[in-house]
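Enquirer: Please read through the structure below; I'll follow up with questions.
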Amino acid sequence: MITFLDYFFLIYGSMVMISYVILAIISKRAIKNYERENAGISHALLNNSSILPKVTLIAPAYNEEVSIIENVRSLLSIKYRKLDLIIVNDGSQDKTLEKLKIAYRLKPCDIDFKKEIETKKVRCVYRSEIITTHRLFVIDKENGGKADALNAGINVANSHLVACVDVDCVLEPDSILKMVKPYLQDKKVIATGGIVRISNSSKVVDGTLVEARVPKKFIERFQFLEYLRAFLIGRMGWSKINGLLIVSGAFGLFRRDIVLKCGGYKPETVGEDMELVVRMRRYMHEKNKKYRVVYIPDPLCWTEVPTSYKILGRQRNRWTRGLMDTLKFHKKLLFNPKYKLMGTISYPYWLLFEWLSPILEFFGLFYLSYKIMSGSTDLVYVLSLIFMVYSYSFMLSCFALLQDELTTFKYTGRKDLIRMIITALLEPIVFHPLTIYWSIKGNIDFFKDKKAWGEMIRVGFN
Amino acid sequence: MPLSYIWSATFFFLIGSVFFIINIRFRRWMKMNQQRKAAKYATFIQALLAKAIYQIEDKIDSNLQAIPEVKKLMKLCSDTTIKQLILDELVKITNTFEGKEVKSVRALYFTMKMHTEAIRKTKSSRIQRRIEGIRLLSGIRFSGASEHFIRLSTDSNQAVKDVAIIANIHYAKKPLNFLDDPHTKLSRWDAINIQSQLSKMQSVEIPNFGIWLDHSQLSVVHFSLMMIREYQQYSALKALKTLFRKSDHPTTLKLILHIIKDLHLVEMEPEVVAKLKNGKNFNRKLYVKALYVLDAIGNSEATKLLLTSMPQRLIRNRDTSSKFIKRLRPESEYILTA
């Protein structure tokens, strides 16, 4: 017997699948365009120009004494002529500040800045006395969380563009040049994001990634594949149609004046990266100004992902809560034609397919089990349906691998490809159910009003 | 949904997956194959080219197609990978050698009809082919290439525009002649691209940017102002005065004020004072900037005004403000006590 629920799940499932296919087609075009536009451009040469705009890189640090010196060294190795680096010590309880003071000969400096965004008290601003690292500033402030630390950095920054980055990320030397390019080509660009890649198992020397390797552990490889799909299909696709709602917190470049007008990052949420982009877009719509949010398919930022399921679960839990926070704060956007594409397509997509999808998948499985047990449906039919979804997921992963081949060509070994195909075959049955579980848990925690970030234990680079 | 539909969709997805995997393998195989081929033929091509050039040197006025080495090279050009290899080698020779060898290389280009092929490519509807055409023309250093570079300097595609601008700066007699076109528009990216190329090329004669200060496109005017500042072109003073008098665009005025300060153009003082007196010309930020500039070029009135009546909050730039206050601290005490 076919019920209303049967129809509902069928239509919903088809819509999810079709939406990903559409995004994949659009992203393919976007990547091709990008490759064409940038073929043969020497970014290093452009660094000679004295008319490059100034950029301030802001990296919050909290209890990072183990790796802070290497991390700052890595950020200082970025090749950009007019770059200030601001490290925000967000009330660390360990020796993060002391280590920085010694390594970079920090001295208090008298900086005239206006507190345009409200933050926790800034105790002191330091500047490096070493000539080669003179562009390094360190803000010492009371603990207020990542968003608050970034806001303090934005207050002190003295440039039109600010790049917000996780302190432990390894950036490609020409990453800022590539991120700045869209602003220089089009004045309407208000934010740029770069593809974040996984650095686990890769070789990092003196803060620079010298050899990209496919991660060894399955947990890392699952995330590797997931990142490829999310960035090379999802975000590139949304960027092409100017419907992107998120610029990764790991690395994003923003127009400072717009960030200030929007009031900076929101400390009350754990999904501050997405929330800021949505607010910036809303602001531009409400002021009737044309704008663009752009994503770049080049691998610009390398980050270490969790290597234990426990920590990964916490991270995914936080991501779900962050998404829900943003959707809740901006519920006014839902199907609101005033906000054009953002209100009519992007926001509903995130609500219906990003937030609701794991919940419906969870209940869908229960419903199928019930139907089999009650004898109202055939087991062969259900298994065929599951296999179809599985093969769809595998196809999408293979497409993401192909996109990766077109953009990076960094993992050239035959073994790497075989490893990734095996990962793509296992991911829907091993990893995906876990992501659903973490998402459901995130939903429950959201309604319990849980605000914790959860700690991230890093293995460090090889 | 009927079971047959489900199986058809599954089959389609699996075929799709296999197609993508084969595509990855094929692309890798193609790249590896090209690399292998290039490595295999590199030495052979170098030797063949050396022989051909040597032969051409002696028979430059005769029918070059009759030379066996040239014949062989033309035959090899049917393979795109090898053709690219030959071109790369020829460009390398053009860039490294001078005199007789370059003459021979150019003769070889013409015999192999590379210039006509390059021009045809520049007119292609495909972006990649247009770029290839420009690169080929600049590699050949074809004397009639400039007009194609100028045409493509305003191409709608940014990549083509970038490559054409670079080629024009490197090989045209007047490196920035495309700016003469009243329709030329420059983004900030273009400006950076041009400036970095100019700074790289030691041999290029830097033009007087004052000539483009009356350009119909504001972006070209702004770029010219930035370059006047960068290359400290005092020769542009007259054009600057005219532009400053007639312009009311904030960015234009800001850029001119920067030039006045950096080049210490005392001659511009009456113009700035006149603009300041007419309150409509400057917004608040520009007003403060103009005062700073006047102070920098030695206008004592402006200094007094800055010290006594300017609220601190107007001083946004931390470096400027701290330097300014440090430099004038004794004087400020004197003024305050007086």
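Enquirer: What whole-number distance in Å separates the alpha-carbon centres of region A:89-104 and region A:346-394?
Expert: 50
Enquirer: If you don't mind, another one. Answer rounded, prolate or oblate for region B:68-153, using the Cα gyration tensor with square roots of eigenvalues a ≥ b ≥ c: rounded when a/c is under 1.5, else prolate when a/b is larger than b/c, else oblate.
Expert: It is oblate, given that a/c is not under 1.5 and a/b is not larger than b/c.
Enquirer: Quick one: of A:LYS181/B:LYS285; A:LYS95/A:LYS203; B:LYS51/B:LYS103; A:LYS290/B:LYS123, which pairs are farther than 25 Å apart, Cα to Cα?
Expert: Among A:LYS181/B:LYS285; A:LYS95/A:LYS203; B:LYS51/B:LYS103; A:LYS290/B:LYS123, the Cα-Cα distance tops 25 Å for A:LYS181/B:LYS285; A:LYS95/A:LYS203; A:LYS290/B:LYS123.
Enquirer: On average over all directions, what projected area in square nanometres does region B:196-246 have, based on the convex hull of its Cα atoms?
Expert: 3.6
Enquirer: So for region A:278-339, what percent of the C-alpha to C-alpha distances run longer than 15 Å? Present the calculation step by step, with values, prior to reporting the outcome.
Expert: On the way: 1311 of 1891 pairs.
Roughly 69 percent, once rounded to a whole number.
Enquirer: Right, here's the next one. Considering Cα pairs under 8 angstrom that are at least six residues apart, work out the relative contact order of region A:278-418 and quote it in whole percent.
Expert: 18
Enquirer: Just tell me which lysines come within less than 27 Å, Cα to Cα, of A:LYS450; anything on the same chain fewer than 8 places away is out.
Expert: A:LYS120, A:LYS121, A:LYS141, A:LYS146, A:LYS266, A:LYS310, A:LYS328, A:LYS331, A:LYS332, A:LYS441
Enquirer: Can you give me the angle between helix B:300-309 and the longest principal axis of chain B, using Cα atoms only, in degrees from 0 to 90, rounded to the nearest 10?
Expert: Between helix and principal axis, roughly 80 degrees.
Enquirer: Can you classify region A:134-210 as rounded, prolate or oblate using the Cα gyration tensor, where a ≥ b ≥ c are the square roots of its eigenvalues, rounded means a/c under 1.5, and otherwise it's prolate if a/b beats b/c and oblate if not? The partial results should precede the final answer.
Expert: Values: a/c = 1.83, a/b = 1.09, b/c = 1.69.
Note, shape of region A:134-210 comes out oblate.
Enquirer: For region A:184-320, what is the Kirkwood hydrodynamic radius in Å, using each pair of distinct C-alpha atoms?
Expert: 16.3
Enquirer: Let me ask something else about it. Near B:LEU243, within a Cβ-to-Cβ distance under 13 Å, what is the net charge of the other residues, with Lys and Arg +1 and Asp and Glu -1?
Expert: For residues surrounding B:LEU243, the net value is +3.
Enquirer: Another question, if that's okay. Within region B:186-284, list the GluC sites (Glu not before Pro) lying in a DSSP loop whose Cβ has at most 12 other Cβ atoms in a 10 Å radius. Mind showing how you got there, number by number?
Expert: Values: sites: B:GLU205, B:GLU230, B:GLU267, B:GLU271; in loops: B:GLU205.
Answer in residue order: B:GLU205.
Enquirer: Do you know the relative contact order of chain B, to the nearest whole percent, from alpha carbon pairs under 8 angstrom that are 6+ apart?
Expert: On the way: 285 pairs, mean separation 24.2, N = 338.
That works out to 7 percent.
Enquirer: Here's something else I'd like to know. Show that you can apply the helix-only estimate: for chain A, add -39,500 (n - 2.57) for every DSSP H stretch of four or more residues, divide by all residues, and state [θ] at 222 nm to the nearest 500.
Expert: Helix contribution divided over all residues of chain A: -15500 deg cm²/dmol.
Enquirer: Give me the log10 of I(q) over I(0) for region A:1-122 at q = 0.09, 0.14, 0.17, 0.23 Å⁻¹, as the Debye formula computes it from C-alpha points; what are the numbers?
Expert: -0.58, -0.87, -1.00, -1.34
Enquirer: Then there is this: Could you tell me the convex hull volume per residue, in Å³, taken over the Cα atoms of region B:163-269?
Expert: With only Cα atoms used, region B:163-269 gives 98 Å³ per residue.
Enquirer: Taking the Cα atoms of region A:61-209 alone, what are Rg (to one decimal) and Dmax (as a whole number) in Å?
Expert: Final numbers for Rg and Dmax: 15.3, 43 Å.
Enquirer: Please list the equivalent ellipsoid semi-axes of region A:312-431, computed as the square roots of five times the alpha-carbon gyration tensor eigenvalues, in descending order and whole angstrom.
Expert: 29, 27, 14
Enquirer: Tell me, rounded to the nearest percent, the portion of alpha carbon pairs in region A:1-72 spaced more than 16 Å apart.
Expert: Within region A:1-72, distances greater than 16 Å cover 77 percent of Cα pairs.
Enquirer: Over the Cα atoms of chain A, what is the Rg over Rh ratio if Rh follows Kirkwood?
Expert: The Rg/Rh ratio comes out at 0.97.
Enquirer: Return, for the Cα atoms of region A:210-256, the radius of gyration and Dmax in Å, separated by a comma.
Expert: 13.5, 40
Enquirer: Under the rule of -39500 (n - 2.57) per DSSP H run of 4 or more residues, summed and divided by the residues of chain B, what mean residue ellipticity at 222 nm is obtained, to the nearest 500 deg cm²/dmol?
Expert: -23000 deg cm²/dmol
Enquirer: Kirkwood hydrodynamic radius, computed over distinct alpha-carbon pairs, for region A:77-155: how many Å, to one decimal?
Expert: About 13.0 Å for region A:77-155.
Enquirer: A follow-up question, please. Let me have the relative contact order for region B:159-257, percent, based on Cα pairs under 8 Å that are six or more residues apart. Before the final figure, lay out each step's value.
Expert: Numbers: 87 pairs, mean separation 23.6, N = 99.
Relative contact order comes out at 24 percent.
Enquirer: Viscosity 1.567 mPa s, temperature 4 °C: give me the Stokes-Einstein translational D for region B:1-84 in µm²/s, with Rh taken as the Kirkwood radius over C-alpha pairs.
Expert: Working: Rh = 16.8 Å.
It diffuses with D of about 77 µm²/s by this estimate.
Enquirer: Within region A:87-116, which trypsin sites (Lys or Arg not before Pro) sit in a loop by DSSP and count at most 15 neighbouring Cβ atoms inside 10 Å?
Expert: Those that pass, being in a loop and sparsely packed, are A:LYS95, A:ARG105, A:LYS114, A:LYS115.
Enquirer: In chain A, once you exclude exposed chymotrypsin sites (Phe, Trp or Tyr not before Pro) (DSSP loop, at most 12 other Cβ within 10 angstrom), what's the longest stretch remaining?
Expert: A:1-334
Enquirer: Let's test this: bin the Cα-Cα distances of region B:37-102 at 5 Å from zero up to the farthest pair and state each bin's percent.
Expert: Bin by bin from 0 Å, the calculated values are 4, 17, 28, 26, 18, 6, 1.
Enquirer: Hand me the trypsin sites (Lys or Arg not before Pro) from region B:113-178 located in a DSSP loop with no more than 15 other Cβ atoms within 10 Å, in residue order please.
Expert: Taking region B:113-178 and a limit of 15 other Cβ atoms within 10 Å, the loop trypsin sites (Lys or Arg not before Pro) found are B:LYS113, B:LYS123, B:ARG126, B:LYS173.
Enquirer: Restricting things to alpha carbons, find the Rg to Rh ratio for chain B using the Kirkwood radius for Rh.
Expert: For chain B, the value is 1.19.
Enquirer: In whole Å and largest first, what semi-axes does the C-alpha gyration tensor of region B:128-206 yield when each eigenvalue is scaled by 5 and square-rooted?
Expert: The equivalent ellipsoid of region B:128-206 has semi-axes of 16, 16, 12 Å.
Enquirer: What do you get for Rg/Rh of the protein assembly as shown when both radii come from the Cα atoms and Rh is the Kirkwood radius?
Expert: Details: Rg = 30.5 Å, Rh = 30.2 Å.
On the Cα set of the protein assembly as shown, Rg over Rh gives 1.01.
Enquirer: In whole angstrom, how far apart do the alpha carbon centroids of region A:413-453 and region B:159-210 sit?
Expert: 51
All of the numbers you see were taken from the coordinates with simple rules; none came from a lab. Not measured: the values here are computed from a predicted model. Reconstructed Cβ throughout: ideal geometry from the backbone, glycine too, with neighbour counts over all protein chains shown.
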